[in-house]
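> First the structure, which I've put down as structure tokens, then a few questions once you've had a look.
Just so it is clear, none of the values below were taken in a lab; they were calculated from the coordinates. Please read all numbers here as calculations on a predicted model, not as lab measurements. FYI the Cβ positions are ideal-geometry reconstructions off the backbone, even for glycines, and counts take in every protein chain you see.
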Amino acid sequence: MLKIAPSILSADFTRLGAEVENVRAGGADWLHFDVMDGLFVPNISVGLPVLKSLRKATDAFLDVHLMIDRPQRYVKAFCDAGADLVCFHLEAAQPQDLREALDAVKAAGKRAGLAIKPRTPAETLIPYLEQLDLALVMTVEPGFGGQGFMRPMLPKITALRRMLDRAGCTGCDVEVDGGIDASTAPLALKAGANVLVAGSAIFDRPDRAAAIAELRAASNDTRV
Ligand code: DX5
Ligand code: ZN
């Protein structure tokens, strides 16, 4: 149930294949792949060619987080490039386009997710719950790694988990992204998250296996 997803945004891109192998060997469950377009967020990261290369280099589960405007234009391309899950932002498109984009991801045989920024209430996801394999609560403003965890997001995580369970969507994952480390992971899990994205808390450490083990140990402490 608990999944740890290192965000490659904090990896050394000159040796991405080795970085990915390193965190996989260190116990990562998924790999989180952040795509930024300089419009939806004030930063630009990587895109389709890098995902394609990464797909060839690893059989890891690739969790793609699109921080791009009008994601419906690109979801199919990211599925074709090797994503296992494509998640995009509720704030980035109109409701009908969001619905069609979710359908397109499912039609490609991949898992589909919606993400919400810190100022977006959990209730905005209600119309989409049944289409979701994953819901992502941003615990920082999207755009950059290394920011501090926003504790006021904790009740939102709990509200979202409750909404999903009440709607019968018990298998839908709740992911948190931003400022996750061994001290904040237990808070997010206790609130109801089960997928932890961590960039700097893993890649900024020389021993990634130790960083992942610490996250897992801190998480286990909250579960007992
Ligand atoms: C931020 C990205 C995150 C980022 C997290 O917009 O979506 O995935 O890499 O980095 P940390 O874990 O350092 O906050
Ligand atoms: Zn992300």
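> For segment 25-43, which positions are surrounded by fewer than 18 Cβ atoms within 10 Å (Cβ to Cβ) and not in a loop (DSSP other than H, G, I, E, B)?
Ala25
> Quickly run through segment 140-190 and pick out the residues that are among the β-branched types (Val, Ile, Thr) and under 21 Å from Arg205 (Cα atoms).
Within segment 140-190, Val140, Val176, Ile180, Thr184 qualify.
> Let me ask something else. Closer than 20 Å to Leu125 by Cα, in a helix (DSSP H, G or I) and of a type in the set (A, V, I, L, M): does that describe Ala18?
No; evaluated as a whole, the condition is false for this residue.
Per-residue answers, yes or no, for (1) acidic (Asp, Glu); (2) surrounded by fewer than 16 Cβ atoms within 10 Å (Cβ to Cβ); (3) touching a Leu at 6+ places or on another chain (Cβ under 9 Å):
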position	(1), (2), (3)
Gln147	no, yes, no
Pro152	no, yes, no
Ala159	no, no, no
Gly179	no, no, no
Ala185	no, no, yes
Leu189	no, no, yes
Leu196	no, no, yes
Ile202	no, no, yes
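> Next up: Anything in segment 21-47 that is within 16 Å of ligand 2 (Cβ to nearest atom) and in contact with a helix residue (DSSP H, G or I) (Cβ under 8 Å, 6 or more places away or on another chain)? List them, or say none.
The answer is Val23, Ala28, Leu31, His32, Phe33, Asp34, Val35, Phe40, Ser45, Val46.
> Kindly establish whether Gly47 is crowded, with 18+ Cβ neighbours inside 10 Å, more than 22 Å from Ala135 (Cβ to Cβ) and either hydroxyl-bearing (Ser, Thr, Tyr) or within 15 Å of ligand 1 (Cβ to nearest atom) (or both).
When the stated conditions are applied, Gly47 passes them.
> How many of the residues making up segment 5-24 are among the β-branched types (Val, Ile, Thr), more than 11 Å from ligand 1 (Cβ to nearest atom) and surrounded by 16 or more Cβ atoms within 10 Å (Cβ to Cβ)?
2
> Another question about this same structure. Give me the pairs: first residue in segment 129-142 and outside any strand (DSSP E or B), second residue surrounded by fewer than 24 Cβ atoms within 10 Å (Cβ to Cβ) and acidic (Asp, Glu), beta-carbon distance under 8 Å, and six or more apart or on different chains, which are they?
Here the result reads Gln131/Asp103; Asp133/Asp173, each pair linking segment 129-142 to a residue that is surrounded by fewer than 24 Cβ atoms within 10 Å (Cβ to Cβ) and acidic (Asp, Glu).
Residue-by-condition table, conditions (1) closer than 25 Å to Arg162 by Cα; (2) not small (Gly, Ala, Ser):
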| position | (1), (2) |
| --- | --- |
| Pro71 | no, yes |
| Lys76 | no, yes |
| Asp80 | no, yes |
| Ala83 | no, no |
| Ala92 | yes, no |
| Pro95 | yes, yes |
| Leu98 | yes, yes |
| Gly113 | yes, no |
